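A.B. asks: This is the structure I want to talk about, given as structure tokens.
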Amino acid sequence: MGLFRSLDISASGLTAERLRMDVIAGNVANASSTRSNQGGAYRRLMTILAAQEQTDDVHRPSGASTFSGAGVRVLRVVEDGSPLPLIYNPAHPDAGPDGYVQMPNVNPVTEMVDLIAATRAYEANITMVNAAKQMAMKALEIGRA
């Protein structure tokens, strides 16, 4: 695997994890929003990631390994279909005739765990970029000697 291909793979991971962190931040910000543009309470959003396969053999010299990964990509951002919790609060402006209010299906603890995982994945990709950069610098130093 070439240096630039490994950087491309890490860059795709950085982009995907940044979007994942943005979605999580939106969930946390709307954890108590009882109104949304679609009507009703806010629904938690989830990021669906998938492996991105290499479509050409341009980077693969003959006899090279059969690694075909090309990074990660975001398939889509979907709403969590789990039921919205109901809270009894007849004084709330969004309460129904029975006094119950639909609350968002956002669990702050789950969001924080997801945020930690996304942050760690982001940091791992940054570490890979820095390692590739250091290898390139060492290769240049060898060429000078």
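The values are calculated or read from the model by the stated rules, or taken from the named source; none is laboratory data. The structure presented is a predicted model; accordingly, all values stated were derived computationally and were not measured. Please note: Cβ atoms are built from the backbone with ideal geometry, for glycine as well, and neighbour counts cover all protein chains shown. Areas reflect the complete protein model, heavy atoms only, side chains present, ligands, DNA and RNA absent. Shrake-Rupley method; radii C 1.70, N 1.55, O 1.52, S 1.80 Å.
A.B. asks: Would you check if residue 91 is surrounded by fewer than 16 Cβ atoms within 10 Å (Cβ to Cβ), small (Gly, Ala, Ser), free of Cβ contacts under 8 Å to residues at least 60 places away in the same chain and assigned to a loop (DSSP other than H, G, I, E, B)?
C.D. replies: It is true that residue 91 is surrounded by fewer than 16 Cβ atoms within 10 Å (Cβ to Cβ), small (Gly, Ala, Ser), free of Cβ contacts under 8 Å to residues at least 60 places away in the same chain and assigned to a loop (DSSP other than H, G, I, E, B).
A.B. asks: Now for a different question. Counting just the residues of the stretch 113-123 that are touching a residue at least 24 places away in the same chain (Cβ under 8 Å) and not acidic (Asp, Glu), which one comes out most open to solvent (accessible area, probe 1.4 Å)?
C.D. replies: The extreme case among them is 122.
A.B. asks: Please determine, by comparing only the residues of the stretch 94-111 that are closer than 26 Å to residue 14 by Cβ and in contact (Cβ under 8 Å) with a residue 12 or more places away in the chain, which one is most open to solvent (accessible area, probe 1.4 Å).
C.D. replies: Once the filter is applied, the top-ranked residue is 108.
A.B. asks: Ok, one more. Every residue in the stretch 1-18 that is open to solvent by less than 60 Å² (accessible area, probe 1.4 Å) and either assigned to a helix (DSSP H, G or I) or out of contact with any His (no Cβ under 9 Å at 6 or more places or on another chain) (or both), please.
C.D. replies: 5, 6, 7, 9, 10, 11, 12, 13, 14, 16, 17, listed by residue number.
A.B. asks: When the stretch 26-54 is examined, which residues are found to be touching a residue at least 40 places away in the same chain (Cβ under 8 Å) and either open to solvent by less than 60 Å² (accessible area, probe 1.4 Å) or in contact with a Pro (Cβ under 8 Å, 6 or more places away or on another chain) (or both)?
C.D. replies: 27, 28, 30, 31, 32, 33, 34, 40, 41, 42, 43, 44
A.B. asks: Return yes or no: is residue 43 assigned to a loop (DSSP other than H, G, I, E, B) and not polar (S, T, N, Q)?
C.D. replies: Criteria met by residue 43.
A.B. asks: Let me ask something else about it. Which residues, counting only those in the stretch 1-24, are hydrophobic (A, V, I, L, M, F, W, C) and at pLDDT 95 or above?
C.D. replies: Correct list: 14, 16, 19, 21, 23, 24.
A.B. asks: If you don't mind, another one. Scan the stretch 125-142 and give yes if some residue there is more than 24 Å from residue 14 (Cα to Cα), assigned to a helix (DSSP H, G or I) and either among the β-branched types (Val, Ile, Thr) or touching a residue at least 40 places away in the same chain (Cβ under 8 Å) (or both), otherwise no.
C.D. replies: yes
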